[in-house]
Amino acid sequence: MEINKYLEVLHTIEKLKDTTRHCYTPGGRHESVAEHSWRITMMAYFLRDEFNDVDFDKVIKMCLIHDLGEIFTGDIPSFDKSATDESKEERLLTDWVNSLPEPYKTEMNDLYAEMEARVTTEARIYKALDNLEAVISHNESDLSTWIEKEYTLNLTYGDDKVAFSDYLTRFRALVREETERKIATEK
């Protein structure tokens, strides 16, 4: 990549450090999109031995790029995101990806298409981790930061995304137990 374009790309993706998510950290500040992407990437890294026939380099790439569209639109929680929001984010992200030189443009477009289709095990793993990380983050944050709908959402969010894998289904059950214990402390 030509050095001026490389620097431009780095300045663009840096914006995810300051793009906050709805969730709070255990220390009481809003989590950034970059932190969320980092953790699901680490989750993928430590999951490698559970899926022998999976291309984890691809999963890790998916985890790294999955929220780049939020550079342009900010983070909108899944329970508030409309079809219009999704369309706008997709359009702006596609325009940016198409401005990249090869081979990045083609590779990223192919990865996004695979992620959207969610047919491959790699894409299913990435999406399951994306949902699971959000639930785990909520479990780690103070209950005072939760909104009403999160009390039920945290018990079911991602169930459909982990269903393809016995390991991830069992892990989701463990995370649900953690949620239940957290909610019980409030009573």
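Bear in mind that the values in this text are calculations on the coordinates, not laboratory data. Quick caveat: nothing in here was measured; it's all calculated off a predicted structure. Ideal geometry is used to build each Cβ from the backbone, glycine not excepted, and the neighbour counts take in all protein chains shown.
Table for the structure above
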| quantity | calculated |
| --- | --- |
| Subset of region 90-103 [surrounded by 14 or more Cβ atoms within 10 Å (Cβ to Cβ) and not in a loop (DSSP other than H, G, I, E, B)] | Glu90, Leu92, Leu93, Thr94, Trp96, Val97 |
| Test: residue in region 126-139 that is assigned to a loop (DSSP other than H, G, I, E, B), at negative phi and not basic (Lys, Arg) | no |
| Single unsatisfied condition, Val119 versus (1) of a type in the set (A, V, I, L, M, F, W, C); (2) closer than 20 Å to Cys63 by Cβ; (3) assigned to a helix (DSSP H, G or I) | (3) |
| Candidate set: region 140-175, residues that are in a helix (DSSP H, G or I) and touching a residue at least 40 places away in the same chain (Cβ under 8 Å); chosen: the one surrounded by the fewest Cβ atoms within 10 Å (Cβ to Cβ) | Tyr167 |
| Cβ-Cβ under 8 Å pairs, at least 6 apart or on other chains, region 14-35 side in contact (Cβ under 8 Å) with a residue 24 or more places away in the chain and assigned to a loop (DSSP other than H, G, I, E, B), far side surrounded by 18 or more Cβ atoms within 10 Å (Cβ to Cβ) and of a type in the set (Lys, Arg) | none |
| Residue in region 45-63 that is under 23 Å from Glu14 (Cβ atoms), loosely packed, with under 14 Cβ neighbours inside 10 Å and more than 12 Å from the chain's Cα centre (by Cα) present | yes |
| Criterion (within 28 Å of Thr152 (Cβ to Cβ) and either assigned to a helix (DSSP H, G or I) or of a type in the set (S, T, N, Q) (or both)) met by exactly one of Asp85, Asp57, Asp67, Asp49 | Asp85 |
| Neighbours by Cβ (under 6 Å, 6+ apart or cross-chain): first from region 95-114, touching a residue at least 60 places away in the same chain (Cβ under 8 Å); second of a type in the set (Asp, Glu) and exposed (fewer than 14 other Cβ atoms within 10 Å of the Cβ) | none |
| Failed item in (1) on the phi > 0 side of the Ramachandran plot; (2) surrounded by fewer than 13 Cβ atoms within 10 Å (Cβ to Cβ), with Gly74 passing the rest | (2) |
| Filter pass, Asp18 being over 20 Å from Thr73 (Cβ atoms) and not β-branched (Val, Ile, Thr) | no |
